[in-house]
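Down below is the structure, laid out as structure tokens.
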Amino acid sequence: MKRYIIFFILALFTLGISAQTRGHNNRRPAGKISLDIHDNLQYENKKGFTASLSKDIFDNHTYKDSNGNEIIYSKEIWPKFLGYYQDDEYELFYWLIDSHQRKTNNKESYKIDIFGALQYQGNDGLNASLSKDVFDNKIYQDSRGNKVSYSKEFWPEIYADFHGDEINILYWLLDRFWKIERYQEEYSVDIFDSLKFKNNKNNSASLSKDVFDNKVYKDSNGNDIKYKPSAWNKIIKKNGSEQKAFISLIYSHLLNLPNE
């Protein structure tokens, strides 16, 4: 993952859902897998643990097991998850079994709504979504009052760093805000093409160009830094883009978070 991701992460927590797309190295659990009369996958081991992976009449897929775990994937999102396992339903089933047989009563659902928004819902009371507004801003929101808005100029950078995988972006944001409540921030570009950042903690920053083509970074901590074109080009080369360089400056000078 590129340096930009490191700048952006407040903290990484051990979170079960984040492993959904990171569990490709499956351990195959000892037990028997079979198909029932409806061609649904069934599993049972010698300890009496059972699990199933079924499809309903609406093509939604559901994983259930004897520990009370239940994971639901809507028909729109199922192909994305299956793709992580080379479209091999058995491999995905193996991973679901291995990752849930030591859990109890974990219930989650994943879907894409009629507006194309990615939705997550868990039985711990956490609901989250990744959607687009009428101005093409990409917005993450969750039931803990957290919200992040990325303008159409910032979003492609994030999208590219995750190889176009919005599910993994949602997991990253869920990880990021797992122990945070009521935090909001916004990344945007104004009519003068200046990059802007603000949050609900009274922090703000901007990156603009002066009449001599110098880049000027300013923030609410009183920092005012000017970069000549040659120096700024080196920063761009180091970070990969102007947006990523701006985020680096925000984390270094405004939020005092590590750059490495």
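A few remarks follow.
- Lys138 - accessible surface, heavy atoms, 1.4 Å probe, Å² rounded to 10: 20 Å²
- Residues in the chain average 54 Å² of solvent-accessible surface per residue, probe 1.4 Å, ligands and nucleic acids excluded.
- Helix 229-239 and the longest principal axis of the Cα set of the chain meet at an angle near 10°.
- Computed accessible area, His38, all protein chains, 1.4 angstrom probe, square angstrom: 130 Å²
- Separation between Cα centres of the stretch 207-260 and the stretch 98-168, rounded to whole Å: 29 Å
- If you plug the beta carbon distance of Val211 and Asn256 into 1/(1 + (r/R0)^6) with R0 = 25 Å, you get a FRET efficiency near 0.20.
- With Cα atoms, 0 to 90° folded angle of helix 166-176 axis to the chain main axis: 80 degrees
- Amide H within-cut-off set for Asn106, under 5 Å, with H built and near neighbours excluded: Asn69, Glu70
- Extension reserve of the Lys46-Lys234 stretch, reckoned as 0.36 nm per residue once the Cα distance is removed: 61.6 nm
- For the stretch 192-260, the alpha carbon convex hull comes to 86 Å³ per residue, rounded to a whole number.
- The chain - percent of accessible surface contributed by carbon and sulfur, probe 1.4 Å: 50 percent
The values are calculated or read from the model by the stated rules, or taken from the named source; none is laboratory data. What you see is a predicted model, and the numbers here were worked out from it, not measured in a lab. Virtual Cβ from ideal backbone geometry, glycine too; neighbours counted across all protein chains shown. Ligands, DNA and RNA are excluded from the accessible area calculation, which covers all protein heavy atoms including side chains. Shrake-Rupley method; radii C 1.70, N 1.55, O 1.52, S 1.80 Å.
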